[in-house]
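The structure under discussion appears below in the form of structure tokens.
The values are calculated or read from the model by the stated rules, or taken from the named source; none is laboratory data. Please read these numbers as outputs of a predicted model, since none were measured by experiment. Every residue, glycine as well, gets a Cβ built from its backbone with ideal geometry; the counts of neighbours run over all protein chains shown. In case anyone asks, the SASA skips ligands and DNA or RNA and just uses the protein heavy atoms, side chains included. Shrake-Rupley method; radii C 1.70, N 1.55, O 1.52, S 1.80 Å.
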Amino acid sequence: MDQEPKRPLILYIEDNADNRLLVRRVLEAENYRVLLAGDAHSGYAEALAYRPDLILMDINLPEVDGYTVTARIKTTPGLENIRVIALTANVMKGDREKTLAAGCDGYIQKPIDVDALPDQIANFLNNQPDPT
Ligand code: MN
């Protein structure tokens, strides 16, 4: 019996509704399964409940920021091996280092490039080094 390859599950934690819709549209067109969360608390809860294959993490979130929830995910048994990719407009010098220091496995710069995003996601899912 043929077995259909498992469609990767991607969790996107983002407080901006337009970005959530945009990324969901792009990723669903690539046949990924997509979970969305609008804040750190619900994002962490969804990560625990669904153990996604990849997490896209906005950094500027209300109340609890993306650095904090990434560090929490990376110190939670069972979640620590999920790759977390920061998706952020914070592009000042040192922001990339701060993102990686928080435990993120990679970094995608906003504004989101919808043409580049599918390849960026595929590279992270295939565990290739961040090309940027
Ligand atoms: Mn935000």
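So is R96 under 19 Å from R7 (Cα atoms) and of a type in the set (D, E, K, R) or not? Reasoning before the result, please.
On the way: under 19 Å from R7 (Cα atoms): no; of a type in the set (D, E, K, R): yes.
No; evaluated as a whole, the condition is false for this residue.
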Going through (1) within 16 Å of the ligand (Cβ to nearest atom); (2) surrounded by 13 or more Cβ atoms within 10 Å (Cβ to Cβ) one by one, M92 fails only at (2)
Specify which of the listed residues (N126, N81) is among the polar types (S, T, N, Q), open to solvent by 40 Å² or more (accessible area, probe 1.4 Å) and closer than 16 Å to T70 by Cα. N81
Could you list, in sequence order, all residues of region 1-57 that are under 12 Å from I73 (Cα atoms), within 16 Å of the ligand (Cβ to nearest atom) and of a type in the set (A, V, I, L, M, F, W, C)? A40, I55, M57
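Return yes when D115 is out of contact with any Cys (no Cβ under 7 Å at 6 or more places or on another chain), not basic (K, R) and not in a loop (DSSP other than H, G, I, E, B) and no when it is not.
On the way: out of contact with any Cys (no Cβ under 7 Å at 6 or more places or on another chain): yes; not basic (K, R): yes; not in a loop (DSSP other than H, G, I, E, B): no.
Judged against the criteria, D115 is not a match.
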